[in-house]
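Notes to accompany the following structure.
The values are calculated or read from the model by the stated rules, or taken from the named source; none is laboratory data. Values in this document were obtained by computation on a predicted structure and should not be read as measured data. Glycine gets a Cβ as well: all are built from the backbone with ideal geometry, and neighbour counts include every protein chain shown.
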Amino acid sequence: MKTVFCLAAIVASASAFAPASKPAFSTQIAAEDFLEAEPFYDQSTVPVNVYKNKSPFTGKVVSTKRIVGPQATGETCHIIIDHDGDFPYWEGQSWGVMPPGTREKDGKPHSVRLYSIASSRYGDDMTGKTGSLCVRRANYWCPELKADDPAKAGICSNFLCDSVPGTEVKMTGPAGKVMLMPEEDPTIDYIMVATGTGIAPYRGFVRRLYAEDTPAARAYKGEAWLFLGVANTDALLYDDEFQLAAKKGLRIDYALSREQENTKGGKMYIQDKVEEYADEVFAKLEGGAHIYFCGLKGMMPGIQEMLKGVAEKKNVDYDAWLKGLKKAKQWHVEVY
């Protein structure tokens, strides 16, 4: 099974590494339609695995910025990569990143890490020549040393978070069709469930549906509903962008495990927040809505246990219900 790092991105200028900052989100973006299929919802031309391990694409970092506050759990950075229009992708796809160097154990190149792309196909600058990744720096805390052990730090995440403008990044892909939006029916509701950097593909969705003047945005009449679970307010990703999108119809619910309590008096996790709206979620899915899950794989058992419990209360056969959603391609999962 492939390893997928769902990573979010943020609108950022072409500047060097900077301290925490909030994203910019223009409410007036010029019409962009030069990267659309014909018709725009036709997925027969979605690019897949154009660049492979043996012949990767080399992009260049435009900017790297920390995008969480001081009380966030860990460090999350936004990296914009210039591909000069030669590495097209669609919202919901991933890029593979090949960290430089070789493995100590056998001297072979490091394996590719997949990161969900967090910008729309037009990039943060709307030129169609950039793409964005949002990377949480992976460190290992050694209880014996009582400090981070650099020997066990995530090779690729630290490479990306430490990158500066001009850093070359070898990439593969774009990969995947699981997380694409079915845009042929503009009335479809989207339920997007994420933990942490699993917000990545949804940031691309939200830009496409609410921030850009594309055929897809002009046609969309459904409701997009975003659930995001993080530790605290400082760890929220893209809140400024999402709040502006909310003025145009985006629906948002956050689960802050260290700041909120669920109905049972425990910590508020993502499954607890979704459960608060279980009746509406079930009704939307019965009506043809698509539901997406992205983030740590540990989120899924809790989510599925919660949904099964709700189904039982409704006298619904959960296994048959889930099988039906998958058969109708309404159930989208990309976890790592």
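Worth a mention:
- Scanning the stretch 217-238 for residues that are under 24 Å from Gly302 (Cβ atoms) and part of a helix (DSSP H, G or I) yields Thr233, Asp234, Ala235.
- Residues (buried (at least 19 other Cβ atoms within 10 Å of the Cβ), of a type outside the set (A, V, I, L, M) and out of contact with any Ser or Thr (no Cβ under 9 Å at 6 or more places or on another chain)) located in the stretch 216-258: Trp225, Phe227, Tyr238, Glu241, Phe242, Ser257
- Residues of the stretch 257-295 that are of a type in the set (Lys, Arg) and within 23 Å of Ala235 (Cα to Cα): Arg258, Lys267, Lys273.
- Test: residue in the stretch 33-45 that is of a type in the set (Phe, Trp, Tyr), at pLDDT 95 or above and touching a strand residue (DSSP E or B) at 6+ places or on another chain (Cβ under 6 Å): no
- Thr197 crowded, with 24+ Cβ neighbours inside 10 Å and modelled with pLDDT under 95: yes
- Top-ranked residue of the stretch 178-193 - restricted to ones that are over 20 Å from Glu286 (Cβ atoms) and touching a helix residue (DSSP H, G or I) at 6+ places or on another chain (Cβ under 6 Å), ranked as surrounded by the most Cβ atoms within 10 Å (Cβ to Cβ): Met179
- Scanning the stretch 81-93 for residues that are over 30 Å from Arg258 (Cα atoms) and either in contact (Cβ under 8 Å) with a residue 60 or more places away in the chain or surrounded by 17 or more Cβ atoms within 10 Å (Cβ to Cβ) (or both) yields Ile81, Asp82, His83, Phe87, Pro88, Tyr89, Trp90, Glu91, Gln93.
- Residue within the stretch 270-284 that is surrounded by 20 or more Cβ atoms within 10 Å (Cβ to Cβ), among the hydroxyl-bearing types (Ser, Thr, Tyr) and closer than 15 Å to Met192 by Cα present: no
- Members of the stretch 74-128 found to be closer than 18 Å to Thr58 by Cα and among the aliphatic types (A, V, I, L, M), listed by number: Ile79, Ile80, Ile81, Val97, Met98, Val112, Leu114, Ile117
- Answer residue from the stretch 110-133, given it is touching a residue at least 60 places away in the same chain (Cβ under 8 Å) and over 18 Å from Pro88 (Cα atoms) and is surrounded by the fewest Cβ atoms within 10 Å (Cβ to Cβ) among those: Val112
- Residue tally, condition in contact with a Lys or Arg (Cβ under 6 Å, 6 or more places away or on another chain), over 15 Å from Ser120 (Cα atoms) and part of a helix (DSSP H, G or I), over the stretch 188-216: 1
- Of Ala289, Ala246, all but one fail to be out of contact with any Lys or Arg (no Cβ under 8 Å at 6 or more places or on another chain) and free of Cβ contacts under 8 Å to residues at least 12 places away in the same chain; the exception is Ala246.
- Qualifying residue in the stretch 76-91 (condition: in contact with a His (Cβ under 8 Å, 6 or more places away or on another chain) and assigned by TED's automatic domain parsing to the domain that holds Pro56): no
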